[in-house]
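> Structure provided below as structure tokens; questions to follow.
The values are calculated or read from the model by the stated rules, or taken from the named source; none is laboratory data. Predicted model only: the values in this text are computed from it and were never measured. Reconstructed Cβ throughout: ideal geometry from the backbone, glycine too, with neighbour counts over all protein chains shown. The area values use the complete protein model at the heavy-atom level, side chains included, leaving out ligands, DNA and RNA. Shrake-Rupley method; radii C 1.70, N 1.55, O 1.52, S 1.80 Å.
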Amino acid sequence: HTWMREAFIFVTAFSFFIVSVGVLAQEQGNRPIISYKTDPDALIISYSETPQMLGHPDKTPRIRVYGNGRVLVHYPDYMQKAGEYEVYLNPGELNQLLLAMSGVFEMDTERAKAARKSLKEQRELQAGAAYYRSEDTLEEMEFLIDSYQPEPGSNPRPINRKVEWQNISDDATQFPEFEEIQKLKGARNSVRALLHRDDLAQVFSMQSTS
């Protein structure tokens with residue numbers, strides 16, 4: 001089979017929001033079906049990172065993605081590029097981002113954290129030494145998706161949740177065999193790639209008040 005992509009637009013009887021549904025299928029298997037509001041005020045993805053050593057961390061998400069493709073990138077006032085930046089994703093780019101992050105939509109993070117803790121303790125026991133990080137960074141990914149089907153024919157369900165994990169990149173390096181952590185890394189890298197786009201335009205500049 002060749003790649004197939006269909007888009008359906010409909011208006012719900014209750015909210016009158018336009019919802020875009022992207023469907024991708026290929027010979028090796030079917031892709032997830034994801035629907036979301038295309039309203040410019042409909043936040044569908046946010047990503048935050050908070051260094052734990054900061055006494056007064058900036059609570060503004062680093063990245064916010066809206067249903068119309070608008071992306072807001074925030075650089076805190078302690079960074080050289082401090083300010084707000086903006087870029088627009090086309091529908092194909094937005095669908096690809098959602099697909100790349102869909103592996104963590106329904107992840108059981110508590111079970112994954114328990115398994116990671118157990119594996120870490122086993123390794124430290126075998127090595128006879130404990131592993132400590134000099135600095136921890138809490139990373140958060142929040143999803144507000146109208147409807148998600150892991151594959152065509154499965155029951156659709158909304159995704160409204162926040163995924164929290166410390167030091168995703170470090171854990172992915174330390175535990176390459178841990179599938180859940182590798183999925184977290186893939187989702188993290190996909191959304192963080194927006195920080196490095198050449199077409200980011202600054203919409204607000206700020207200076208540190210410290």
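> Taking interchain pairs and intrachain pairs at least six residues apart, which have beta carbon atoms under 8 angstrom, with the first residue in segment 162-175 and over 17 Å from Glu142 (Cα atoms) and the second assigned to a helix (DSSP H, G or I) and open to solvent by less than 10 Å² (accessible area, probe 1.4 Å)?
Pairs that qualify, where the first residue is over 17 Å from Glu142 (Cα atoms) and the partner is assigned to a helix (DSSP H, G or I) and open to solvent by less than 10 Å² (accessible area, probe 1.4 Å), are Asp171/Ile181; Asp171/Leu184; Ala172/Ile181; Ala172/Leu184; Phe175/Ile181.
> OK, next. Within segment 1-85, which strands (runs of 3 or more DSSP E) (wholly inside it) include 1 or more residues that are at pLDDT below 85 and among the aliphatic types (A, V, I, L, M)?
Correct list: 4-11, 18-26.
> Further question on the same structure: Contact list please: Cβ distance under 6 Å, first residue in segment 74-96 and of a type in the set (Gly, Ala, Ser), second residue surrounded by 18 or more Cβ atoms within 10 Å (Cβ to Cβ), pairs at least six apart or on different chains.
Sorted first by the residue in segment 74-96, then by its partner, the pairs are Ala82/Tyr75; Gly83/Tyr75.
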